[in-house]
Amino acid sequence: MAAAVAAPELRCVGFVGAGRMAEAIAQGLIRAGKVEAQHVLASAPSDRNLCHFRALGCRTTHSNQEVLRSCSLVFLATKPHILPTVLAEVAPVVTSEHTLVSVVAGVSLSTLEELLPPTARVLRVSPNLPCLVQEGAMVMARGRHAGRNDAELLQTLLEACGQCEEVPEAQVDIHTGLSGSGVAFVCAFSEALAEGAIKMGMPSGLAHRIAAQTLLGTAKMLLQKGQHPAQLRTDVCTPGGTTIYGLHALEQGGLRAAAMSAVEAATCRAKELSRK
């Protein structure tokens, strides 16, 4: 009988905050069959974002405390500046049965633990927008009272949204710079690739589709073969061929230095926001 009771509790997932990232995670869990839509409960102060959860078949409420009373696994997905107010509101109903998962950027585990009951089990997750299509790149870090079982359960669930790895919290801000902000960097590169083809006479729609597919195919090869990017680059690059001429142009434009600087700048900004 105990197992029969435990299973529904694991399937009941709550979201305090109903923005794009919360929706992306919920959608991934539901599409992968990790949780049934009717076992997802989301809260937000207005209906503006809750309608997206209702479209998925989820339950919604305007009460954050109701989410905590109904669900043992709860994602905190508010805006950073309102999180302290929300935590003060829900803290009285947090129990030892809860596992709280923050996807709020720039808020440390120590800050979360200070604002919650002393033994609250808290984890921090840094997701990225491709969770919407179940191809996210995520890292998670454990708080002082979160155990291995909490991390394993969360990792199993989040793999429905893409790749999820446990890291020390110090690497979470780096992940924000690399993968959270990196989505925009990759889009800028994809756009530039396509515009190069447009300049040479290819129709715009076709150029953008091929650029995006090129990025997708290359990423799959890197992940599935476990190759270092330099090896795959060498495989494509024949002596005196088209690729080496193009690579030379990229080097002249400082592509690699610019990409490294972009990740560094985004990471430094993430750390700055964390200190605030």
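Taking G19, is it at pLDDT below 95, of a type in the set (G, A, S) and surrounded by 14 or more Cβ atoms within 10 Å (Cβ to Cβ)? Talk me through it step by step, then tell me what you get.
Working: at pLDDT below 95: yes; of a type in the set (G, A, S): yes; surrounded by 14 or more Cβ atoms within 10 Å (Cβ to Cβ): yes.
So G19 passes the test.
Report, by residue number, each residue of the range 85-142 that is open to solvent by less than 40 Å² (accessible area, probe 1.4 Å) and of a type in the set (S, T, Y).
Quick first cut of the range 85-142, residues open to solvent by less than 40 Å² (accessible area, probe 1.4 Å) only: 86-87, 90-91, 93-94, 98-104, 106-109, 112-113, 116-117, 120, 122-128, 130-131, 136-141.
Within the range 85-142, T99, S102, S108, S126 meet the criteria.
Regarding the range 128-139, can at least one residue be identified that is touching a Leu at 6+ places or on another chain (Cβ under 8 Å) and of a type in the set (V, I, T)? Can you show your working first?
Of the residues in the range 128-139, the ones touching a Leu at 6+ places or on another chain (Cβ under 8 Å) are 136, 138.
Imposing the further condition that a residue be of a type in the set (V, I, T) reduces the set to none.
No, the range 128-139 contains no residue that is touching a Leu at 6+ places or on another chain (Cβ under 8 Å) and of a type in the set (V, I, T).
Listed by position, the helices (runs of 4 or more DSSP H) enclosed by the range 203-276 that each have at least 2 residues that are within 18 Å of A184 (Cα to Cα) are 204-225, 255-275.
Matching residues to (1) open to solvent by 70 Å² or more (accessible area, probe 1.4 Å); (2) modelled with pLDDT of 95 or more; (3) outside the structural domain of F189 (by the TED database):
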site	(1), (2), (3)
L206	no, yes, no
R209	yes, yes, no
Q224	yes, no, no
E251	yes, yes, no
G254	no, yes, no
A258	no, yes, no
S261	no, yes, no
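When the range 20-66 is filtered for residues that are small (G, A, S), under 18 Å from the mean Cα position of the chain (by Cα) and over 15 Å from V101 (Cβ atoms), only A32 remains.
Can you tell me which residues in the range 146-177 are assigned to a loop (DSSP other than H, G, I, E, B) and open to solvent by less than 70 Å² (accessible area, probe 1.4 Å)?
Selection gives A146, G147, V167.
The values are calculated or read from the model by the stated rules, or taken from the named source; none is laboratory data. Here the structure is a predicted model, which means the values were calculated and not measured. In this analysis, Cβ positions are derived from the backbone assuming ideal geometry, glycine residues included, and neighbour counts consider all displayed protein chains. Note: accessible area is taken over every heavy atom of the protein model, side chains too, but ligands, DNA and RNA are not part of it. Shrake-Rupley method; radii C 1.70, N 1.55, O 1.52, S 1.80 Å.
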